[in-house]
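What follows is one structure encoded as structure tokens, with my remarks underneath.
The values are calculated or read from the model by the stated rules, or taken from the named source; none is laboratory data. As the structure is a prediction and not an experimental result, all values here were calculated from the model. We place every Cβ from the backbone using ideal geometry, glycine too, and count neighbours over all the protein chains shown. Accessible surface areas use protein heavy atoms only, side chains included; no ligands, DNA or RNA. Shrake-Rupley method; radii C 1.70, N 1.55, O 1.52, S 1.80 Å.
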Amino acid sequence: MLHVSKLVRFQKAAWLLLTCLWMVLAQSINSAQAAVNDDIKPEDRRWALVLGVAEYQNENIPALDNSVNDSRTIAASLNNMGFQVYYLENAKKSEIEAVVSKIEKEQSGSELGMFYFAGHGLQVGGINYALPSDIDPTVPSFLQNGGVSINGLVSRLNEIGTKSLVVILDSCRNSPFPDEDAIGTGLALVDAPPNTIVAFSTAPGAVALDGASGNSPYTAALATALEGPEQDIRDVLRLVRARVRLATGGAQTPWYIDNTRTEVIIRPKFSVPAGELREMLSGRVISLPTTAWLTIADSADPRDFEQFAALFPNDQLSNAARRQLVLVSGDGLPSFPLMDLRVDGPGADIPGGLVSLITACDILATGIGDPMALVEPVPHDLVNTRAALRACVQAVRADPLNSRLINNLARVLRLDNRFDEALHYYKRAAELGNATAYAGIAAMYRQGLGVEPDKTQAFEAVRQGALLGSPQLRLIAGVYYREGWGTQQSFPEARRWMKLAAEGGYAPAYVAYGGTYRKGLGVSQDPRKALEYYRKAATLGSSDAGNLIGRAYLYGRGVKKNEQLGIRWLVRSSEEGNPYAAFALGRAFMNGDGVEKDDTKALAYFRLSAQRNFLGAYNYIGDVLRRESAGRAANGAEAYANYIIARKAAMFRDTRDSQNQLKDADERIAAILQVLSPAQAAEGERLADDWIEQFGLLDFNMVNE
């Protein structure tokens, strides 16, 4: 049964379901339309200019993979939030100017305005430019004459009397022009006018990622965050910052400038009381039509209801969908198209070929480490849940026994906090033989997502998936035995499962199995044997193995000490994005191991490690900040703040290593509080709270991803 008391807490509760079914019983469709189309007072109006440019007329400007899909995604989200959307796609400068003039005429005195741009964005002399599709780089001063000055556009939109303006720039890609001396990388810092928030998809001057899953990392995270309940836009931007930063390993850190003094609230276009919601959903079991309806219930896009009626013509909700289709149609279909997620290229026309099997659900929802994956996976923080849920419902409806697609649907529901439904579909996929689904079941029971935490149930799910032959689940089974999660702790049994996973060619399993020799878990310590397995993992491309090999050479563990070779291994692994290698380099510079002591470089590497989500590095950031060196004074308050962050991060995990990190943080905190004044301690706590609010401590228990 579908537990309605839990559904009420969902970010996407089915508000519109009741609006539809109750209103059509009490009123005619004509009167309902009249209510929807009543004039809105200027002070209640919300508008958005959404611009996406992916294709350029000049052949020297490279096309972007996702900019148009990004703009379509945000247009759909803002439409659902009640914004009047002015949408432009691959527009010329004259077309942009015409729409801006239209907004100036129609939206004077509005409550809230938003400008979103996805495409090539550049800066010259501190001025930012969006490149329209007809930009011509062969003429003099082409940016000044042919580009759209974002600085100027912000000023114009601010001058029409809109109470609050939000500018979002997902446009900080590399310059498409060769003269890098003349054109800066990324975008420059924009001074926000009064009552304006300017948000960048990455730090000013840095370069954002275009993404490979239909959306850029920033837009995928933004679309999901916008789907929440009534909230301040600052909360949305902070959540997006945390998710993008974590998912990209610190490679991309969004930022925003806030020059407003009031709340900037966004809310769904429709809402109904929770009591009515419980009454209407009482008795409905979890099914694909129910899941589909809950996904679109608060939609303002008539195409959602049109598709529902087509997919489920015999369901009792189909009549409601048809009525709602009329109700929300208003003046016609929205101005923005739906996302285009077709797979083109060689082999697309082969009947039964691989390309023919790939669905939009695969592109948007495939998880990391899924052996059944047909496309590049999407990190969990970057799943566009709004689009993925719609795509996966449609895919499962077309292929109801496809365990890969059912598992993808379950994954997105879990990320959308619809835990009852997620567990239902995970179990269905597992019944159909999907090993990865067992990993999802285990994660839900171990973390207590929609159920009481139950490590025994979690372990049984892991065991079942491991028995199906999944190398990932076999390694996780080894971890459960090593940690004693839901089963008797047994290092020999842990080693058996890890070795079995390694024999399947799974690089992380080689690393874990080698770790049992390094730490002496169920076997005598043997650093030489550990190094043997690390080398096997390194040949499979494991940066974790490269880090461990580098440490072995640096300190002579299991091999003749060779500091120079050790540093080279660590540098290579760090350059591959490994957080632990960056941490090891920080310690090397901190202690003078193989390099000259240099606290400045140590601090930089520790911070790089932390940016890549190894928050144990914050203990060592605190250590460096606490001592005086290179003419830099010690900073006790900031050191204390870093210890607090390390402690809180360690509390999210329950592994042996995290317990050691927690102990280290506690010891450091106890020591530093002995020397800090009350004012310094208060300042440290404030700094830690501010950091956690800005960047977040998210998803540290997603061990299966």
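Applying the condition of being of a type in the set (Gly, Ala, Ser) and under 31 Å from the mean Cα position of the chain (by Cα) to region 322-346 and asking which residue is modelled with the lowest pLDDT yields Gly345. Out of Leu246, Leu277, Leu288, Leu209, one residue alone is more than 26 Å from Ile150 (Cβ to Cβ), at pLDDT below 85 and open to solvent by 10 Å² or more (accessible area, probe 1.4 Å). It is Leu246. Per the listing Tyr56, Tyr86, the residue uniquely under 30 Å from Val383 (Cβ atoms), at pLDDT 95 or above and not small (Gly, Ala, Ser) is Tyr86. Return the residues of region 180-195 that are over 22 Å from Leu78 (Cα atoms), at pLDDT 55 or above and open to solvent by 20 Å² or more (accessible area, probe 1.4 Å); say none if nothing qualifies. Once the filter is applied, which keeps residues that are over 22 Å from Leu78 (Cα atoms), at pLDDT 55 or above and open to solvent by 20 Å² or more (accessible area, probe 1.4 Å), region 180-195 yields Asp191, Pro193, Pro194.
Taking the conditions (1) assigned to a loop (DSSP other than H, G, I, E, B); (2) open to solvent by 10 Å² or more (accessible area, probe 1.4 Å) in turn, Val378 satisfies each one other than (2). From the list Gly109, Gly113, Gly82, which one is in a strand (DSSP E or B), in contact (Cβ under 8 Å) with a residue 40 or more places away in the chain and of a type in the set (Gly, Ala, Ser)? None of the other options fit; the residue is Gly113.
With respect to the conditions (1) closer than 22 Å to Ser299 by Cα; (2) crowded, with 23+ Cβ neighbours inside 10 Å, Thr366 falls short on a single one, namely (1).
Beta carbons closer than 6 Å, at least 6 apart along the sequence or on distinct chains, pair a first residue in region 300-312 that is under 14 Å from Val326 (Cβ atoms) with a second that is part of a helix (DSSP H, G or I) and polar (S, T, N, Q) for Ala300/Asn79; Ala300/Asn80; Pro302/Ser329; Phe305/Gln324; Ala309/Ser318. Residues that are more than 25 Å from Tyr256 (Cα to Cα) and either in contact with a Pro (Cβ under 7 Å, 6 or more places away or on another chain) or crowded, with 22+ Cβ neighbours inside 10 Å (or both) do occur in region 664-681.
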